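S.K.: Below you will find the structure I want to go over with you.
The values are calculated or read from the model by the stated rules, or taken from the named source; none is laboratory data. What you are looking at is a predicted structure, and each value in this text was computed from that prediction instead of being measured. All Cβ positions, even for glycine, are placed from backbone atoms using ideal geometry, and neighbour counts span all protein chains on display. Surface areas here come from the heavy atoms of the whole protein model, side chains and all, with no ligands, DNA or RNA. Shrake-Rupley method; radii C 1.70, N 1.55, O 1.52, S 1.80 Å.
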Amino acid sequence: MTKVPIERALVSVYDKTGLAELAGALAAAGVQIVSTGSTAAAIAAAGVPVTGVEDVTGFPECLEGRVKTLHPAIHAGLLADPGRPGHAEQLAELGIGTFELLVSNLYPFEATVASGAPAAECVEQIDIGGPAMVRAAAKNHARVAVITHPAQYQAAAEAAGAGGFTGEQRRRLAAAAYAATARYDAAVASWFAATYAPDDVAHETGWPDLVSAVWTRREVLRYGENPHQGAALYVRPGAPPGLATATQLHGKAMSYNNYGDAAAAWRTAFDFTEPCVAIIKHANPCGIAIGADLAEAHRKANKCDPVSAYGGVIAANGVVTAAMAAQVADIFTEVLVAPGFEDAALETLKAKKNLRLLQCPAPATAPAPASAQAPAQAEATAPQQIEWRPMDGGVLLQTADRLDAPGDDPANWELKAGRAVPAEILADLAFAWRACRAAKSNAIVLAVGGATVGVGMGQVNRVDAARIAIARSGQRCRAAVAASDAYFPFADGLQVLADAGIRAIVEPGGSIRDAEVIAAAESAEVSLYFTGTRHFFH
């Protein structure tokens, strides 16, 4: 397909960014501009000649602008191919001129929904004429170019003055146009399914009959989990900022495994309101700690398992200081992700050529720092985050596991065995309970002084998880408390901890053998708390 000179353009946009400059460039290239409503007014205000769409259709815009371009004089002009038998004759007979360029962007439906606007306002922002024109022009890309974003305006201006777009350029523009309408339709369909579920079952379950999303490739990665696997990073337009859209400040390109570990570390660090550092390897924690500042938290976290922390991924839930940076610089680290970095910290860390530094805003669902926590009611109304997990033939969806259940508050725990522990021990139990959520199941976490000292994770039975946690802790277990992400199905796992000197344990409870576990704790003089909440992580 060769170049098609642009003689006539249809311009109808909601976002007026760059409109005046584009219109001026088109007019300077001799292009006749046909436009609608507020778009035509903006072009005219810029001093550029413009023909109103009503002058082309012979029909006024009506119904508050709901109908203006849905007319044969517009769509025939976009869809006609004068090279096909009969098209040119019909156009001449009907007095319809063709368009070689469409410039259109759509009503801000997603932004309106995200603003929390009422349903009626969201419905008003569902574009009808825009998507119809975009699809028509994209279908007829053999002779029509379609522009759907201000970022493409410079290319359109250049093409207008250079004899038009090439066939390859028009194909690429058409592909981008269909991607834009697919995303738009997916957003509308998902909103309707969630807002107006078609049957009572969907209303009762809280899950819509249909979910849809469009993902845009952000980056091609060197390979996947292993060198023989291909990989790429995609992002969902309109989603809250997250690790996938983090800004890389320094270091080698991120790998597939880097992203996986960084996501796990990020999730863990922001489970805490105090300054927290999480060190992750293969999606499991090598160490998690809180401290008076991030430097102290990092020292404590690294001390948990310094052998495994070598080559790990670190996340901090605050701005990285020069003091923390000096410590990290002495340890081989793959990635360090944080909401920000002091200038002195960046100077130190950028001396490590291969260290990847990511800057990422706090998760939207992260708890506020202790000094600025919102009222409990505000937290309770926070929107639910949905997690997607692909599987063969489909996808699993679930609400994200957050530490906001009643059982996550130590004030709601039940003391099932032993004596109530003093405040400092209860604080360690609370820390261990929150940290345990970061370890793959089955998981046992040992902690003391706001830091993990032993983690047993990813085991197929809880006894082995307990043994691994004890083995990794060494003698530190004698001062530590323990948390289990799910109940002990038998007393044997608890007994392993008790035999190692653990004297306070928190677990969900709920086993049919809870009585046996409680009895074993009583016999070993272990204080045992039940939360009533489970935090599996697979």
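S.K.: For region 154-183, which positions are under 21 Å from G24 (Cβ atoms) and open to solvent by 40 Å² or more (accessible area, probe 1.4 Å)?
M.R.: Q154, A155, E158, G161, A162
S.K.: Same structure, new question: Out of all the residues in region 86-119, which are of a type outside the set (S, T, N, Q), assigned to a loop (DSSP other than H, G, I, E, B) and either open to solvent by less than 60 Å² (accessible area, probe 1.4 Å) or modelled with pLDDT of 75 or more (or both)? Can you show your working first?
M.R.: Residues of region 86-119 that are of a type outside the set (S, T, N, Q), as a first pass: 86-89, 91-97, 99-103, 106-111, 113-114, 116-119.
Okay, now just the ones that are also assigned to a loop (DSSP other than H, G, I, E, B), so 86, 95-97, 99-100, 106-108, 116-118.
The answer is G86, I96, G97, F99, E100, L106, Y107, P108, G116, A117, P118.
S.K.: Any residue in region 389-418 that is surrounded by 12 or more Cβ atoms within 10 Å (Cβ to Cβ) sitting within a Cβ distance under 8 Å of a residue that is basic (K, R) and part of a helix (DSSP H, G or I)? List the pairs, counting only those 6 or more apart or interchain.
M.R.: What qualifies is L403/R434; D408/R434.
S.K.: Continuing with the same structure: Give the residue that is nearest to R172 (Cα to Cα), with candidates limited to residues of region 128-141 that are open to solvent by 20 Å² or more (accessible area, probe 1.4 Å) and not in a helix (DSSP H, G or I). If you could, list the steps in order and put the result at the bottom.
M.R.: Kept after step one, since they are open to solvent by 20 Å² or more (accessible area, probe 1.4 Å), are these residues of region 128-141: 128, 132, 135, 139, 141.
Narrowing the set further to residues that are not in a helix (DSSP H, G or I) leaves 128, 141.
Values: I128: 23, H141: 9 Å.
Step by step, filter region 128-141, then rank; the result is H141.
S.K.: Would you point out the residue of region 197-210, among those that are touching a Pro at 6+ places or on another chain (Cβ under 7 Å) and open to solvent by less than 60 Å² (accessible area, probe 1.4 Å), that is modelled with the lowest pLDDT? Quick ask: steps written out before the conclusion?
M.R.: Within region 197-210, the subset touching a Pro at 6+ places or on another chain (Cβ under 7 Å) is 197, 202, 209.
Applying the additional criterion that residues be open to solvent by less than 60 Å² (accessible area, probe 1.4 Å) yields 197, 202.
Working: A197: 60, A202: 50.
Within region 197-210, the match that is modelled with the lowest pLDDT is A202.
S.K.: Among the residues of region 460-493 satisfying the criterion of being over 36 Å from the mean Cα position of the chain (by Cα) and closer than 18 Å to F536 by Cα, which is least open to solvent (accessible area, probe 1.4 Å)?
M.R.: G493
S.K.: Any idea how many residues of region 325-335 are of a type outside the set (S, T, N, Q) and out of contact with any Gly (no Cβ under 9 Å at 6 or more places or on another chain)? Write out each step before concluding.
M.R.: Start the filter on region 325-335 by keeping residues that are of a type outside the set (S, T, N, Q), which leaves 325-326, 328-332, 334-335.
Remaining after also requiring out of contact with any Gly (no Cβ under 9 Å at 6 or more places or on another chain): 325-326, 328-330.
Adding up the residues that qualify gives 5.
S.K.: Quick check: is even one residue across region 184-196 open to solvent by less than 40 Å² (accessible area, probe 1.4 Å), part of a helix (DSSP H, G or I) and more than 20 Å from I386 (Cα to Cα)?
M.R.: No, region 184-196 contains no residue that is open to solvent by less than 40 Å² (accessible area, probe 1.4 Å), part of a helix (DSSP H, G or I) and more than 20 Å from I386 (Cα to Cα).
S.K.: Now, a different point. Of the numbered conditions (1) in a helix (DSSP H, G or I); (2) polar (S, T, N, Q); (3) at pLDDT 90 or above, S371 satisfies every one except a single condition; which is it?
M.R.: Condition (3) is where S371 drops out.
S.K.: Regarding region 225-248, can at least one residue be identified that is among the β-branched types (V, I, T), out of contact with any helix residue (DSSP H, G or I) (no Cβ under 7 Å at 6 or more places or on another chain) and assigned to a strand (DSSP E or B)?
M.R.: yes
S.K.: Separate question: Just give me the residues in region 226-247 being in contact with a strand residue (DSSP E or B) (Cβ under 9 Å, 6 or more places away or on another chain), more than 14 Å from P361 (Cβ to Cβ) and of a type outside the set (A, V, I, L, M, F, W, C), in sequence order.
M.R.: At the first step, the residues of region 226-247 found to be in contact with a strand residue (DSSP E or B) (Cβ under 9 Å, 6 or more places away or on another chain) are 230-237, 242-247.
This time we only want the ones that are more than 14 Å from P361 (Cβ to Cβ), so: 230-237.
Hits for region 226-247 are G230, Y234, R236, P237.
S.K.: Being touching an Asp or Glu at 6+ places or on another chain (Cβ under 8 Å) and in a helix (DSSP H, G or I) is the filter here; which residues of region 261-296 pass it?
M.R.: Scanning region 261-296 gives a single hit, D261.
S.K.: Another question, if that's okay. What tally of residues in region 260-275 results from selecting those that are under 20 Å from R356 (Cβ atoms) and of a type outside the set (A, V, I, L, M)? Outline the logic, then answer.
M.R.: Here is the first cut: in region 260-275, the residues under 20 Å from R356 (Cβ atoms) are 260-270.
Okay, now just the ones that are also of a type outside the set (A, V, I, L, M), so 260-261, 266-268, 270.
Total meeting the criteria: 6.
S.K.: Next up: Anything in region 256-303 that is touching a Cys at 6+ places or on another chain (Cβ under 9 Å), open to solvent by less than 10 Å² (accessible area, probe 1.4 Å) and of a type in the set (V, I, T)? List them, or say none.
M.R.: If the condition is that a residue be touching a Cys at 6+ places or on another chain (Cβ under 9 Å), open to solvent by less than 10 Å² (accessible area, probe 1.4 Å) and of a type in the set (V, I, T), then T268, I279, I280, I288 are the ones that fit.
S.K.: Of D15, D55, which residue is of a type in the set (D, E, K, R) and within 16 Å of A151 (Cα to Cα)? Please lay out each step first, then the result.
M.R.: Values: D55 fails: within 16 Å of A151 (Cα to Cα).
The match here is D15.
S.K.: Examine region 313-325 for a residue that is in contact with a His (Cβ under 7 Å, 6 or more places away or on another chain), open to solvent by less than 10 Å² (accessible area, probe 1.4 Å) and in a helix (DSSP H, G or I), and state whether such a residue exists.
M.R.: Keep residues of region 313-325 that are in contact with a His (Cβ under 7 Å, 6 or more places away or on another chain), which gives 324.
Okay, now just the ones that are also open to solvent by less than 10 Å² (accessible area, probe 1.4 Å), so 324.
Filter once more, so that each one left must be in a helix (DSSP H, G or I): 324.
Within region 313-325, one or more residues are in contact with a His (Cβ under 7 Å, 6 or more places away or on another chain), open to solvent by less than 10 Å² (accessible area, probe 1.4 Å) and in a helix (DSSP H, G or I).
S.K.: Moving on. If we keep just the residues of region 238-255 that are small (G, A, S) and under 13 Å from the mean Cα position of the chain (by Cα), which is most open to solvent (accessible area, probe 1.4 Å)? I'd like the intermediate steps shown before the answer.
M.R.: Restricting attention to region 238-255, the residues satisfying the condition of being small (G, A, S) are 238-239, 242, 244, 246, 251, 253, 255.
Going one step further and asking which of them are under 13 Å from the mean Cα position of the chain (by Cα), we end up with 238-239, 242, 244, 246.
Numbers: G238: 72, A239: 39, G242: 22, A244: 35, A246: 9 Å².
That would be G238.
S.K.: So how many residues does region 117-144 have that are within 29 Å of the chain's Cα centre (by Cα), small (G, A, S) and under 26 Å from V31 (Cα atoms)?
M.R.: From region 117-144, those within 29 Å of the chain's Cα centre (by Cα) are 117-128, 130-131, 134-135; that's our starting set.
So of that shortlist, the ones also small (G, A, S) come out as 117, 119-120, 130.
Within this subset, residues satisfying the condition of being under 26 Å from V31 (Cα atoms) are 130.
Residues meeting the conditions: 1.
S.K.: Another question about this same structure. Taking region 15-51 on its own, how many of its residues are closer than 23 Å to Y107 by Cα and either outside any helix (DSSP H, G or I) or open to solvent by less than 20 Å² (accessible area, probe 1.4 Å) (or both)?
M.R.: So the first thing to find is which residues in region 15-51 are closer than 23 Å to Y107 by Cα, and the list is 15-23, 33-46, 50-51.
Right, trim to either outside any helix (DSSP H, G or I) or open to solvent by less than 20 Å² (accessible area, probe 1.4 Å) (or both) and you get 15-19, 22-23, 33-36, 39-40, 43, 46, 50-51.
Looking only at that region, the number is 17.
S.K.: Output yes when any residue across region 142-153 is closer than 21 Å to P108 by Cα, modelled with pLDDT of 90 or more, open to solvent by less than 30 Å² (accessible area, probe 1.4 Å) and aromatic (F, W, Y), and no when none is.
M.R.: yes
S.K.: Another question, then. Look at region 426-482 and say how many of its residues are under 19 Å from G291 (Cβ atoms) and either in a strand (DSSP E or B) or basic (K, R) (or both).
M.R.: So the answer is 12.
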